[in-house]
1. Would segment 117-128 turn up any residue that is closer than 21 Å to Ser163 by Cα and at pLDDT below 95?
2. Determine which single condition Glu86 fails, assuming it passes every other condition in (1) at pLDDT 95 or above; (2) surrounded by fewer than 19 Cβ atoms within 10 Å (Cβ to Cβ); (3) in contact with a helix residue (DSSP H, G or I) (Cβ under 9 Å, 6 or more places away or on another chain).
3. Residue check: is Val122 among the hydrophobic types (A, V, I, L, M, F, W, C), surrounded by 16 or more Cβ atoms within 10 Å (Cβ to Cβ), in a helix (DSSP H, G or I) and out of contact with any Ser or Thr (no Cβ under 7 Å at 6 or more places or on another chain)?
4. Which one of these does Asp154 not meet: (1) part of a helix (DSSP H, G or I); (2) farther than 30 Å from Met1 by Cβ?
5. Is it true that some residue in segment 95-114 is in contact with a Gly (Cβ under 8 Å, 6 or more places away or on another chain) and exposed (fewer than 13 other Cβ atoms within 10 Å of the Cβ)?
6. Please go through segment 53-100 and pick out each residue that is hydroxyl-bearing (Ser, Thr, Tyr) and at positive phi.
7. Look through segment 1-43, keep the residues that are among the polar types (S, T, N, Q) and within 15 Å of Leu60 (Cβ to Cβ), and return whichever of them is surrounded by the most Cβ atoms within 10 Å (Cβ to Cβ).
8. For a quick check of your reading of the model, give me the residue pairs whose first member lies in segment 61-79 and is in the same structural domain as Tyr11 (by TED's automatic domain parsing), whose second is of a type in the set (S, T, N, Q) and surrounded by 15 or more Cβ atoms within 10 Å (Cβ to Cβ), with beta-carbon atoms closer than 6 Å and at least 6 apart or on different chains.
Amino acid sequence: MNGIILYQSKYGATKRYANWISEETGFDCVETKKARIEEIRKYDVIIFGGGLYASGIAGLSFLKKHINQLSGKKIIVFFVGASPYEENAFKQIVSHNMQDSLADIPCFYCRGAWDMENMSIVDRNLCKLLRKVVAKKNPEEYEIWEKALMEAGDEKCDWTDKSYIAPILNAVRQNSNFSI
């Protein structure tokens with residue numbers, strides 16, 4: 001069984017997870033902007049990873065566009081965000097992004113990083129604006145992502161952890177003769 005990890009990473013955390021998965025599986029690893037569907041169709045297992053931005057999974061459009069050409073393939077999706085894992089938020093993101101022909105694809109969450117200094121000016125300004133809005137709320141009523149946003153502030157935080165890929169690797173093993 002052969003496989004590939006497709007990923008879209010804006011600030012590096014998703015790329016780090018994609019590389020860790022590649023190290024553990026021996027699968028090829030390619031950015032979505034360099035991926036060609038003709039090549040991707042040659043693989044049995046396709047793992048897609050994208051950063052989470054405003055509840056959207058970056059790069060998922062590649063999978064949506066080509067899903068019909070990937071019939072019969074084992075597809076797995078992971079997404080990376082700065083917030084700690086929270087079941088209800090995870091379910092909302094999955095239901096928002098994984099609709100129609102993507103609805104049955106298994107999804108996983110990996111916690112990423114936060115670095116205001118390296119963000120684009122647009123992302124940095126949006127985050128600052130969001131923090132101002134959240135700061136007006138009672139801290140005891142913060143949702144988990146709001147608490148994480150306020151705690152991170154302008155500090156550089158890296159929550160990436162190789163242990164987050166274990167469920168992804170288990171999903172690759174499941175119902176296949178692939179051993180890692």
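1. no
2. Failed condition: (1).
3. Criteria not met by Val122.
4. It is condition (1) that Asp154 fails.
5. yes
6. Residue satisfying the conditions is Ser55 alone.
7. Looking at residues that are among the polar types (S, T, N, Q) and within 15 Å of Leu60 (Cβ to Cβ), I get Thr14.
8. Phe62/Thr32
The values are calculated or read from the model by the stated rules, or taken from the named source; none is laboratory data. This is a predicted model, so every value here is computed, not measured. In this analysis, Cβ positions are derived from the backbone assuming ideal geometry, glycine residues included, and neighbour counts consider all displayed protein chains.
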